[in-house]
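Just below is one structure, and these are the notes that go with it.
Coordinate-derived values only; no laboratory data. Only a predicted model underlies this, so the values are computations on that prediction, with no experimental measurement involved. All Cβ positions, glycine included, derive from the backbone under ideal geometry; neighbour counts span all protein chains shown.
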Amino acid sequence: MARTAIISDIHANYHALSAVIEDVRDMRCTDLVCLGDVVGYNAYPSECLDYVQKLDCPVVKGNHDEEVVQPSQAKMNQAARLAMDWTRNQLDTPRLRWLARLQYQRIVRSDNGTTFTIVHSSLDHPKAWNYIINADDASANFPRQFTPICFHGHTHVPKIYVWNGKHASEDHENLHSLYLEGYTEFQPLPELKYFINVGSVGQPRDNDPRACYAIYDTDLNLIIIKRVEYDISAAQDAIRAAGLPTYLADRLSTGV
């Protein structure tokens with residue numbers, strides 16, 4: 001079996017990460033990749049970073065991973081900026097060095113030889129951290145996508161974009177059951193390209209507070225996106241105990 005779990009935007013939420021990894025094992029995944037933003041917002045940056053390192057899996061850099069290493073004037077709201085400054089003080093030099101060395105995009109080969117691409121934001125300008133909100137935004141990605149499937153994160157909202165060789169569209173049908181039931185699966189068509197946002201493990205923003213991640217079964221040519229329950233109250237208590245903005249704790253229970 002070649003079944004890869006794809007996680008993104010952990011954002012230092014150790015409770016969510018632990019629950020997702022347990023689910024990954026229950027789903028009999030053989031491999032795992034991480035699409036970045038391991039740190040930021042929540043209260044366990046060192047613990048989450050160490051956990052991901054121990055997984056020894058392909059990881060790409062997210063904007064929070066870069067910002068904590070190289071402070072910039074990037075646009076962040078006040079709560080995010082305060083959390084970023086706090087996070088920077090929690091990480092020692094080896095952890096910061098590990099984040100600094102992450103690549104912006106990678107091609108991953110599964111056990112059966114199938115290849116797919118991973119990036120945090122988009123392939124056309126991966127260092128610009130553009131937000132892919134709709135099919136028009138996604139159109140610029142596909143000319144730089146040289147595998148049939150690319151997984152990304154960054155917006156914290158699961159999406160499926162499809163390229164037919166001429167234009168991009170958004171696949172609402174295959175996401176419908178995710179919003180109704182917390183689970184969807186579909187088989188990508190060989191004549192199309194797919195740019196798939198796997199949602200967020202640590203800070204969902206699509207009105208569902210449960211963690212979200214994807215699975216790519218390359219033997220069955222099957223993509224799964226699913227939700228996972230975790231201890232939100234414990235994650236919120238940790239944020240407040242760390243002295244981080246209360247807003248960051250409150251939003252976890254609403255998924256916005």
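Computed from the Cβ-Cβ distance with R0 of 22 Å, the FRET efficiency linking HIS167 to THR115 stands at 0.35. Please identify which residues in the range 176-212 have an amide N closer than 20 Å to a label point set 7 Å out from the Cα of ASP26, following the Cα→Cβ vector. It comes to 177-186, 199-204, 208-212, nothing else. Consider a paramagnetic label point 7 Å from the Cα of ARG97 along Cα→Cβ; state which residues of the range 54-81 have an amide N under 11 Å from it. Of the residues in the range 54-81, none has backbone N under 11 Å from the label point off ARG97. Each residue of the range 201-209 was assigned a 3J(HN,Hα) from its phi angle through the Karplus curve 6.51 cos²θ - 1.76 cosθ + 1.60 (θ = phi - 60°); the sequence is 6, x, 7, x, 10, 10, 6, 10, x Hz, with glycine and proline shown as x.
Considering helices alone, the calculated mean residue ellipticity of the chain at 222 nm is -9000 deg cm²/dmol, with DSSP H runs of length four and up weighted by -39500 (n - 2.57) and normalised per residue. Does anything in the range 220-254 have its amide N under 17 Å from the 7 Å Cα→Cβ label point of GLN78, and if so which residues? Label zone hits: 243-251.
Using the Cβ-Cβ distance between ASN221 and HIS176 with R0 set to 25 Å, the FRET efficiency works out to roughly 0.75.
The per residue volume of the convex hull around the alpha-carbon atoms of the chain is 112 Å³.
Radius of gyration over Kirkwood radius for the range 100-215, both on Cα atoms: the Rg/Rh ratio is 0.94.
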